[in-house]
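Notes follow the structure.
Nothing in this text is a laboratory measurement; each read-out follows from the coordinates by a stated rule. Every value quoted in this text rests on a predicted model; they were computed, and no experiment measured them. Reconstructed Cβ throughout: ideal geometry from the backbone, glycine too, with neighbour counts over all protein chains shown.
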Amino acid sequence: MYSIMGTAARHMLMLMACLAARGMCQIKEAGAEDSLPVIHSTLQSPGLHSTASPDLPSFVPGARVQALGSSSDNNTVLKRPVSPPKCLAYPSISNYFKYINTVISVIVFVVGLVGNATLLRIIYQNKCMRNGPNALIASLALGDLIYIFIDIPINAYKLLASRFPFDDHWFGLCLCKLVPFLQKASVGITVLNLCALSVDRYRAVASWSRVQGVGIPLLTVIEIVTIWVLSLILAVPEAVCFDMVTFNFSNTTLRTCMLNPQSDFMNFYKEAKDWWLFGFYFCVPLICTAIFYTLMTCEMLNHRNGTLRIALSEHLKQRREVAKAVFCLVLIFALCWFPLHLSRILKKVMYRPTDNMRCELLSFLLVLDHLGINLATINSCINPIILYFVSKKFKNCFKVRFSLITHIYTYVIMCNI
């Protein structure tokens, strides 16, 4: 009887041991399942969130996590993918740039309107200033003037109000398509005019024995018309792609103007846009200037001696002055637009949404982007200033114009006293 009781006791102890072992296994597996949410919640602690860009996923696509305590592939289960650390909610430097950009926009608006309008008036009113190069410079100033008058006030409003103007009205949709269209058209006009000026300076040196008369050549008129038509055509995809888009971000419904392609071609344009802008709107004028100024230098070295050249020294001196002014315009254009293009290309090449170091890269690109936007905006008002310091003719005309304005203003003030 005792043996029977001993056997039963042993069976009971073995059963309890098995139940205990099974319970430990279940606890261990439950602990493995609960560990992922803990890690995930740590990565998404309060004060951190992902960027608002729709192309920044919060998890690693296709990520698989193996259950703890399992060494077999058959026991591998799909868990919630572990996302990389989230970026800071809103870089504080953006608040500073918000006001810096606004101040710069106001300065560019005033200086650009006065400078470019005065430049156009000088070329129009002075018969001696009506020639081929100055006509191209006037075309350049008119393109900048349109951008300054329409785009800059809207961009400044977006910065201060943190919303697109008339975002809930049909007029807002019109502005959404007009602003990027005019911006790209203005840059295209600048780029193509700089190319035309470089070609014109080479032609002037290549035909150094021909004294240029007063008046705008027919070829220059055709060039200007072609420049404007081509610039407007190349800016059409911007008007087509941009649209008012409504989306939710941080439990807030936002409506803003952004790229919203609806066709295969527009999707291709969105993907290739940064490379297209860098290649055509930045590299083309630099390559064109480098080629034709190299040819111009070779031409001048080949004809540095000669009696006719000595007789025309004053005329050639004026041509060299114009060539120097055009070169300065191209150089300043390159310096103003390089940071913005660099920022966009770096983001295209280096940024990875699953990279743990992406937040540092985005912070750097944010600063570079704001710097580039400010410099690109300044470029629309700086051309009259360059011509004032580089060209004696323009400097004298500016002095006469501003002295006349000063005298009129002084006379009005004295009469009202």
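What to note about this one:
- Label-to-label distance for Phe171 and Val221 is 3.9 nm, based on points extended 7 Å past Cα in the beta-carbon direction.
- Separation between Cα centres of region 238-278 and region 346-400, rounded to whole Å: 23
- Translational D in µm²/s for region 133-184 (Stokes-Einstein at 37 °C, 0.692 mPa s, Kirkwood Rh from C-alpha pairs): 271
- Out-of-range pairs (alpha-carbon distance over 21 Å; input Lys184/Lys270; Lys98/Lys273; Lys158/Lys184; Lys158/Lys347): Lys98/Lys273; Lys158/Lys347
- Computed E for Ala206/Thr246 - FRET, C-beta separation, R0 60 angstrom, nearest 0.05: 0.55
- Subtracting the Cα-Cα distance of Leu366 and Asn95 from 0.36 nm times their residue separation leaves 96.4 nm of extension gain.
- Rounded to the nearest Hz, the phi-derived 3J(HN,Hα) couplings of region 193-202 under the Karplus curve 6.51 cos²θ - 1.76 cosθ + 1.60 (θ = phi - 60°) are 5, 5, 5, 5, 5, 5, 5, 5, 5, 5, where x marks glycine and proline.
- For His169, His370, order by how many other beta-carbon atoms lie within 10 Å, fewest first: His169, His370
- Segment Lys324-Val349, extension gain: residue separation times 0.36 nm, minus the distance between their alpha carbons: 5.4 nm
- Shown is the FRET efficiency for Asn396 and Thr297, computed with R0 = 35 Å from the Cβ-Cβ distance and rounded to the nearest 0.05: 0.80.
- For region 366-383, Karplus couplings with θ = phi - 60° (6.51, -1.76, 1.60), whole Hz, Gly/Pro x: 5, 5, 5, 5, 5, 4, x, 5, 5, 5, 5, 5, 4, 4, 6, 10, 8, 4
- Computed extension gain for Ala290 through Phe265, at 0.36 nm per residue and net of the alpha carbon distance, reaches 5.7 nm.
- For region 109-118, 3J(HN,Hα) computed residue by residue from phi via the Karplus equation (6.51, -1.76, 1.60; θ = phi - 60°) reads 4, 5, 5, x, 4, 5, x, 5, 5, 5 Hz, glycine and proline entered as x.
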